[in-house]
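Working notes for the structure below.
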Amino acid sequence: MHREFAEIYDIFMKYVNYDVWYKFLRMFIEKKGAVLDLGCGTGEFVWRFLRDGFPVIGVDLSEKMLDISEKKLIGKNLTDSSYKLIKDNIINYENKTVFYKSLDVSENEKISENYDEIHPVDYIICNFDTVNYLKNEKDFFKFIEKCEKNLKKGGYLIFDVVTEDIFEEIFENDIFLDEEPKYTSIWRHEKISKKKHIVEIDLFIRENENDNLFRKYNEIQEKFIYDPEWIVEIVQNKGFEVFDTASNPEFGESRIFFVLKKL
């Protein structure tokens, strides 16, 4: 992702009700424990979990996203909380961060150090159809295998995927126009195979709010569409119980949440 896309990511996500989404996650994440947020973006869920007393590890491939997340956490006075932001690919990440109970009266979680072995967490989340940005089913296998290693027995993995209907929801004649005071973006959609789609974004960022000079950037994103029944079969074969599947019209008719429990 271009640094410029990361800088206006929160504007792109202006229609997302993070509080409602977070409330949904908390239906399954009740007892305090370490949370691993894969594809954490600009840290909207990181700071919410920290606010509520959960230690959090945020992983994202974009260094700029992590920079924005760090600044956001500082701005919310959460720098003394237990968190770590890590640049890595979610299909390769192995958690080496350890949290331990401090001995002071507040009993806050603290980060100790990294070790060579994997240290499983209590919860893993992966939001906003991040899984659909994996290249293929082979990468999904890797994602599930790493999640199984990174998660404690009895822990929960929560992720969401979108179906092919997402393109009919967003695009009209395969075009979507998004105009804001700070930018204009033109999205073009093309289906290139049975399961793969391309979304090309031309982004025009206003140089100065007092003039009409724009910087232009181009980004091409690929989305891989999974058969939900195939996902169920794969995760069950990888040591997970399908604890729940859910959808919510507020998050889009085409979005399916998978709530998995490690056996």
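Structure summary
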| read-out | value |
| --- | --- |
| Segment 75-88, residues that are surrounded by 12 or more Cβ atoms within 10 Å (Cβ to Cβ) and under 13 Å from Phe54 (Cα atoms) | Leu78, Ser81, Ser82, Tyr83, Lys84 |
| Residue match in segment 151-161 (condition: crowded, with 19+ Cβ neighbours inside 10 Å, assigned to a strand (DSSP E or B) and basic (Lys, Arg)) | no |
| Residue count for segment 203-227, restricted to those that are open to solvent by 70 Å² or more (accessible area, probe 1.4 Å) and assigned to a strand (DSSP E or B) | 5 |
| Inter-residue pairs, beta-carbon under 7 Å, first more than 23 Å from Leu25 (Cα to Cα) and in segment 54-78, second open to solvent by 60 Å² or more (accessible area, probe 1.4 Å), 6+ apart | Ser62/Met1; Glu63/Lys87; Lys64/Arg3 |
| Residue that is open to solvent by less than 40 Å² (accessible area, probe 1.4 Å) and of a type in the set (Asp, Glu), where the choices are Asp67, Asp37 | Asp37 |
| Qualifying residue in segment 172-183 (condition: open to solvent by 60 Å² or more (accessible area, probe 1.4 Å), in contact (Cβ under 8 Å) with a residue 40 or more places away in the chain and in a helix (DSSP H, G or I)) | no |
| Among (1) surrounded by fewer than 16 Cβ atoms within 10 Å (Cβ to Cβ); (2) touching a residue at least 24 places away in the same chain (Cβ under 8 Å); (3) closer than 19 Å to Asn132 by Cβ - the single one Glu200 does not satisfy | (2) |
| Filter pass, Phe167 being more than 27 Å from Val259 (Cβ to Cβ) and either open to solvent by 50 Å² or more (accessible area, probe 1.4 Å) or not charged (D, E, K, R) (or both) | no |
| Positions within segment 42-67 being assigned to a helix (DSSP H, G or I) and under 17 Å from Ile158 (Cα atoms), in sequence order | Glu44, Phe45, Val46, Arg48, Phe49 |
| Ile91 vs. criteria open to solvent by less than 30 Å² (accessible area, probe 1.4 Å), closer than 18 Å to Thr130 by Cα and β-branched (Val, Ile, Thr) | yes |
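The values are calculated or read from the model by the stated rules, or taken from the named source; none is laboratory data. These numbers come from a predicted model, not from an experiment. All Cβ positions, glycine included, derive from the backbone under ideal geometry; neighbour counts span all protein chains shown. Note: areas computed on protein heavy atoms with side chains; ligands, DNA, RNA excluded. Shrake-Rupley method; radii C 1.70, N 1.55, O 1.52, S 1.80 Å.
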